[in-house]
Amino acid sequence: MRIDFHCHLFQLVNTRSRLESGEVFFKGYEFYERMVKKFQEIKSIETPSIMEKTVFHLNSANIDKVVLLPVNTKENQEIKKWVEYAPDIFIPFYNAPEKANSNIDVKNEIEKAIIEYGYKGFKVMLTFREKKLNDPLIHPVLEAAQKYKLPIVMHCGYPPPGTRRNVLTYSNPISIDDFASSYPRANIIITHMGYPFTDIAIALAAQYHNVYLDLSNLAYMMPSRLRELLIQAKEIIGTHKILFGSDGNNPEMIEIAINYFDEIDFLTKEDLENILGLNAAKLLNL
Ligand SMILES: [Zn+2]
């Protein structure tokens, strides 16, 4: 089974023609030019349904299941439509309210999300809210993850290129050191291998049994660095805590990301099976 552990809700406006037209300010950036070239190799379909298009590309990429990560509480609702469209494929995660001083009973909201609506894990975006991951707002999420044995994907490391906010200031995964051992049954996933804090991320995954690393967006942003990082992480912790994630802004990018792994010659077949699905299946209790 192959699982994409880091995918967002695609919007129909983020098409390949928009990307190819250079309507973004990354023209001339190597990652961008490389991506435009790779797009030409990927077959797509014309459809007004972004969900249908996504499933088309998941089939091409041979991916069976996808963890959908909301970036705000509004997307918690949006995700339900995706799960309804393809309940066997899409696995909904939940973004708990992340505003201090709001009147919302966060604990209650989280319980409802898990018990009534069936969310299977959490996405933490505190680092986008000018808060470090050890902010007190993390505790209700950790408590619920501990109680229900649900994984928590924590945004660590760099935000998408072009993000006009100081996310990096808050997203060093070292903050996880403050609470990882206090919640031993809460499995914590560091996104983007924490890049550029990759050494810290690998050290945390080595130290704590409940800390994992996702590889999202590294395959298309920095393929040669990812090779090094995979070799280094494997040397220390093996491959049983590393998770494939695509993290694109359109469904074609799932294929670009998976193609990288399908062409790898420096890991064993067993390593790749772990990274591309087995580790995720264990975390999701599949
Ligand atoms: Zn992401």
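According to the square roots a ≥ b ≥ c of the eigenvalues of the Cα gyration tensor, what is the shape class of the chain, taking rounded for a/c under 1.5, prolate for a/b larger than b/c otherwise, and oblate for the remainder? Verdict is rounded for the chain. Modelled spin-label separation between residue 199 and residue 77, with each label point placed 7 Å from Cα along the Cα-to-Cβ direction: 4.6 nm. Here the simple spin-label model places points 7 Å from the Cα toward Cβ, and for residue 181 and residue 85 these points are separated by 4.5 nm. Protection proxy ranking of 27-40, 122-135, 176-189, by the mean of other Cβ atoms within 10 Å over each peptide's residues and highest first, is 122-135, 176-189, 27-40. Listed by chain and number, the aspartates and glutamates whose C-alpha is less than 18 Å from the C-alpha of residue 241, apart from same-chain residues fewer than 8 away, are 4, 177, 199, 214, 228, 270, 271, 273. Of interest is the spacing of the C-alpha centroids, which for the range 4-82 and the range 126-152 amounts to 27 Å. Taking 220, 212, 260 in turn, the Gaussian network model of the chain (Cα-Cα springs below 10 Å) assigns the largest fluctuation to 260. Cβ-to-Cβ counts within 10 Å put 17, 60, 49 in ascending order as 17, 49, 60, the fewest first. In this structure, residue 249 and residue 117 have a Cβ-Cβ separation that, at R0 = 22 Å, corresponds to a calculated FRET efficiency of about 0.30. Of 175, 102, the sequence from fewest to most neighbouring Cβ atoms within 10 angstrom is 102, 175.
Annotation: lysines with alpha-carbon distance below 21 angstrom to residue 81 (same-chain offsets under eight excluded): 53, 65, 112, 120, 123.
Pick out, in residue order, every one of the GluC sites (Glu not before Pro) in the range 195-286 that is DSSP loop and has at most 12 other C-beta atoms within 10 Å; say none if there are none.
Sites meeting the loop and neighbour criteria: 263.
Projecting the Cα positions of 110, 245, 55 onto the charge dipole of the chain (unit charges on Cβ atoms of Lys, Arg, Asp and Glu, taken about the Cα centre) puts 110 furthest along the positive direction.
Laboratory data are not the source of any read-out in this text; all were calculated from the coordinates shown. These numbers come from a predicted model, not from an experiment. Glycine gets a Cβ as well: all are built from the backbone with ideal geometry, and neighbour counts include every protein chain shown.
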